[in-house]
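One structure is given here, and the rest of the page talks about it.
Read-outs: derived from the displayed coordinates by stated rules, not from any lab. Fair warning: this is a prediction, and the values are worked out from it, not measured in the lab. Note that each Cβ is placed from the backbone with ideal geometry, even for glycine, and that neighbours are counted across all protein chains shown.
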Amino acid sequence: MVIDFQHHYIPVELAKKRGLYSATGKTMLQEGGLPATTMHQRLYDLDLQLDDMAQAGVDLSVLSCLLGWSAPLEECRFINDDLAAIQKKYPRRFVGLAQAPILDGQAALAELRRAINDLGLRGVTITSQVNGLSLDSPKLHDFMRPLARSMWWFLFIPLWCRLVMSI
């Protein structure tokens, strides 16, 4: 079985809400006034993703939403609900990873519990930096300690950093 573990998906409604949707071209996600990610139709079109998976011989894709790494709680809930619906519709093709705003401490943990225990998502994804904080920052202890004790949760942390250069 071939598994694509870092497969990005963005709910189309969220892309539209954030002004990042383009049916024909590309848009640029910016963070702090700097370009961060190129947004394109394949990120939010499951039919195109399934075609790509078939062409590449990928059996299963593990979905995470790159917008969820810095989203407020309401958007994370929306993302998690959407990923759960996709996982239910395509149980042999997609698995979803839960998102939560990790700076929200207990509220974020409650959302992860809901996403995994109630919605059936298969793990958690968080970014390696949040608002310039690394994961060992004391500001994240309220979130990280209980998460570390939840050994039955799979945790995926893609490395991310912003390089800023002045010339």
Q | Sequence-distant residues sharing a close amide H with Q129 (under 5 Å, placed H) | A | W160
Q: Return the percentage of antiparallel bridges among DSSP beta bridges fully within the stretch 3-156, rounded to the nearest 5 %.
A: 40 percent
Q.
Placing +1 on the Cβ of each Lys and Arg and -1 on the Cβ of each Asp and Glu in the stretch 73-159, which of G132, G105, A115 has its Cα farthest towards the positive end of the resulting dipole?
A. A115
Q. Can you list the residues, at least 5 places off or on another chain, whose amide H is less than 5 Å from the amide H of A98, using H built in the peptide plane?
A. R122, G123, V124, T125
Q: Please say if the stretch 3-156 is rounded, prolate or oblate, where rounded means a/c under 1.5 for a ≥ b ≥ c the square roots of the C-alpha gyration tensor eigenvalues, and otherwise the choice is prolate for a/b larger than b/c and oblate otherwise?
A: oblate
Q.
Can you tell me which aspartates and glutamates have their Cα less than 19 Å from the Cα of K139? Leave out same-chain residues fewer than eight positions away.
A. D104, E111
**Q.** Most to least packed among 109-115, 132-138 [average Cβ atoms within 10 Å]
**A.** 109-115, 132-138
Q. Between H7 and residues 5 or more places away or on another chain, which pairs have amide H atoms under 5 Å apart, with H built 1.01 Å from N, and which residues are they?
A. V62, S64
